[in-house]
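Structure, as structure tokens:
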Amino acid sequence: MPIDFHAGFWINNPDKIIQPKLINRPIITSQPAKDTFEKQVQISTQNIDKAYDGIKIEKKSFGKIKKTGENAILYTITNKNGASVDLSSFGAGIISIKVPDKNGKMTDVTQGYTSVTPYEEAPIGHAGGTIGPCANKIDNGTFKLNGIEYKLECNKDNGKTHSHGGSDGFDTKNWKAEVLKDGVKFNYTKKDMEGGYPAEVKASVTYKFDNDNQLHIIYQAETDNDTILNLTNHSYFNLDGAENTQEGSVKNHLVKLPNSTKYTVVNDIAIPTGEIAPVENTRFDFREYKKLSEMNPSGYDQNYCLDGYDGKKMIKAAEIKSEKTGIKMEVSTNLPGFQFYTANNLGKSSQPAGKDGKRYEKHSSFCVEPQFYPNAINTFDEKPVLKKGETYNREIIYSFKVEN
């Protein structure tokens, strides 16, 4: 069962204190030789967008999935500048993002692991995974749709809430992959009532990494009946470099949330009360750059509302900078809100070592998770309902640049 170290409690009173060709690479040394690949996929390079000209895509084994005996596959998209993104078929997740720092050194800015095993057997906070069918929490694991009540697994808050699709969510599935001329598309079909969610849903996540170091994550889905769907990515970032695993290592980051003048007020288990409050004069106010160390010392695990949301246009959710490396990350989306989380509950003794051989500690990273609001199906007007005949089409862009 996945171990979710996403905080179950948060303060509810803020005034108190990414033209390819596919190359087969050797398998990772920890895997048996039978995992090697023999087939090379041919990809058309005609009519490729100039933003993706010169990219290459490689694949290799990421290890065997114990539960199914399948191989997880690791895909690497490298742009013409040498920046790269590693993606796993297991969980359709991000394993690493390497971008240049102010000195031109390629720096891995995402936490993760060197094989599929930790993701399957001891998943830590859904690291890098595609979250679904419904991201964030559903109170009491219960919702009504078309007059029918559905009951989901309550895997969080001592059995009081359903979180991130449950213990058998989308980040625990081995998605089928399709290599495109400009990226990688992962596909998964959820069966009717799988995980307690109604309808068969055909979902896809497409990753495109362009020559401006922008990682586009495109979510699409269709359903054979009405259902709920709320997809996001759960990567953990440290712009000083993912090797900075020590407690508090993210606290010197500068954070700006330029289009969030409001946030959702929550109860003692982080379920929104329905009230939407202004950030002004609270610890949630990041409308201008502020250093994390100067704000709430307990960290953040809070849903923010995006001003001007209409479900179509992309809105900038976050700007986050490292003074140490000069790396600046921007996050844009056409979803209504996002969870800003500072890894408040990493550092547990049960965690495996990360890809640098060290355990990721508390406040060693941050997440920006665009989403429909938590428990929106029960509380807010903008609900994550996907109807039969409609197409789910949402996007997240993680952009990276250098500011000296």
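Can you name the residue in the stretch 171-187 that is buried (at least 20 other Cβ atoms within 10 Å of the Cβ) and within 17 Å of the chain's Cα centre (by Cα) and is also farthest from residue 120 (Cα to Cα) among such residues? Step by step, filter the stretch 171-187, then rank; the result is 184. Of all the numbered requirements in (1) part of a loop (DSSP other than H, G, I, E, B); (2) farther than 27 Å from residue 101 by Cβ; (3) not basic (Lys, Arg), residue 303 misses one, and that requirement is (1). Take the conditions (1) touching an Asp or Glu at 6+ places or on another chain (Cβ under 6 Å); (2) surrounded by 17 or more Cβ atoms within 10 Å (Cβ to Cβ); residue 200 misses just one of them, which is (2).
For the stretch 128-174, give me each residue that is among the aliphatic types (A, V, I, L, M), in a loop (DSSP other than H, G, I, E, B) and closer than 18 Å to residue 303 by Cα. Listed by number, the list holds a single entry, 135. Exactly one residue among 156, 185 is under 21 Å from residue 367 (Cβ atoms), in contact with an Asp or Glu (Cβ under 8 Å, 6 or more places away or on another chain) and charged (D, E, K, R), and that residue is 156. Scanning the stretch 360-372 for residues that are in a loop (DSSP other than H, G, I, E, B) and within 13 Å of residue 228 (Cα to Cα) yields one hit, 372. Scanning the stretch 66-82 for residues that are aliphatic (A, V, I, L, M) and touching a helix residue (DSSP H, G or I) at 6+ places or on another chain (Cβ under 6 Å) turns up just one, 72. Being in a strand (DSSP E or B), crowded, with 16+ Cβ neighbours inside 10 Å and in contact with a helix residue (DSSP H, G or I) (Cβ under 6 Å, 6 or more places away or on another chain), is that true of even one residue in the stretch 242-253? The answer is no, given that none of the residues of the stretch 242-253 is in a strand (DSSP E or B), crowded, with 16+ Cβ neighbours inside 10 Å and in contact with a helix residue (DSSP H, G or I) (Cβ under 6 Å, 6 or more places away or on another chain).
Residue-by-condition table, conditions (1) touching a Cys at 6+ places or on another chain (Cβ under 8 Å); (2) of a type in the set (Gly, Ala, Ser); (3) more than 26 Å from residue 138 (Cα to Cα):
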| site | (1), (2), (3) |
| --- | --- |
| 266 | no, no, no |
| 270 | no, yes, no |
| 274 | no, yes, no |
| 288 | no, no, yes |
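The criterion of at least 2 residues that are surrounded by 21 or more Cβ atoms within 10 Å (Cβ to Cβ) and out of contact with any Cys (no Cβ under 8 Å at 6 or more places or on another chain) is met, among strands (runs of 3 or more DSSP E) falling completely within the stretch 83-125, by 84-88, 93-100. Does residue 346 satisfy being more than 24 Å from residue 252 (Cα to Cα), crowded, with 19+ Cβ neighbours inside 10 Å and aliphatic (A, V, I, L, M)? Criteria not met by residue 346.
How about the stretch 267-300: which of its residues are buried (at least 22 other Cβ atoms within 10 Å of the Cβ) and either acidic (Asp, Glu) or not in a loop (DSSP other than H, G, I, E, B) (or both)? The answer is 272, and nothing else. Scanning the stretch 380-396 for residues that are of a type outside the set (Phe, Trp, Tyr) and out of contact with any Asp or Glu (no Cβ under 8 Å at 6 or more places or on another chain) returns 381, 382, 383, 384, 389, 393, 394, 395, 396.
Each value in this text was obtained by applying a stated rule to the coordinates, not by laboratory testing. Not measured: the values here are computed from a predicted model. Heads up, the Cβs are rebuilt from the backbone with ideal geometry, glycines too, and the neighbour counts pull from every protein chain shown.
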